[in-house]
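Take this structure first; my questions come after.
The values are calculated or read from the model by the stated rules, or taken from the named source; none is laboratory data. Given the structure is predicted, the values throughout are model-derived calculations rather than measurements. Note that each Cβ is placed from the backbone with ideal geometry, even for glycine, and that neighbours are counted across all protein chains shown.
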Amino acid sequence: MLFGQSVFQSVLERLKAEEEPAEQTHAPAAHRVSGLATGLAFDVMEGISVTSQRIGEAYFDNLGSEPAAEEALPPEPEPVMPDHLARIAPEEIAVELAIAASDTQQTLNEKRRTFAKANHPDGVAEPFRDNANRRMMIANLLIDEAMRRLPQS
């Protein structure tokens, strides 16, 4: 007990004393943001923000130059599907992988990585991702089956 009060009572008294000065201070104005030294300024005409009308050109307003015309960009050529992505039959993929009875776990993992570098769906154009995904699934199945058949060490 401190000066005739328990520790709990002295803590309560101290907290009450700290709250009193905070209540006497004025609350910040509603239009001010706490911690922001200045107010916010917006370009508003007739209640509509100017930048909201030209969303794509807001960056160019800060540069001080006119944006390039959309017509000036040459059209992107249509992507051409590589020949290997057209081969989606398991027999064709097995020939590409060339899995042999003499393959080890290490050589099979190397074949998986090499195949994935050329065929992973993230590395091909959007229209051909289904074929690339199918090729990767079949190749992974073939390699996993070959690994299951390896003698256990």
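Of all the residues that make up the stretch 117-127, how many are of a type in the set (A, V, I, L, M, F, W, C) and surrounded by fewer than 17 Cβ atoms within 10 Å (Cβ to Cβ)?
2
Sticking with this one: Of the residues that make up the stretch 80-90, is at least one within 18 Å of Met147 (Cα to Cα) and either of a type in the set (Phe, Trp, Tyr) or at pLDDT 90 or above (or both)?
Yes - at least one qualifying residue is present in the stretch 80-90.
Consider Ile55 carefully, then state whether it is at pLDDT below 65, within 33 Å of the chain's Cα centre (by Cα) and among the aliphatic types (A, V, I, L, M).
Working: at pLDDT below 65: yes; within 33 Å of the chain's Cα centre (by Cα): yes; among the aliphatic types (A, V, I, L, M): yes.
Spelling it out, Ile55 is indeed at pLDDT below 65, within 33 Å of the chain's Cα centre (by Cα) and among the aliphatic types (A, V, I, L, M).
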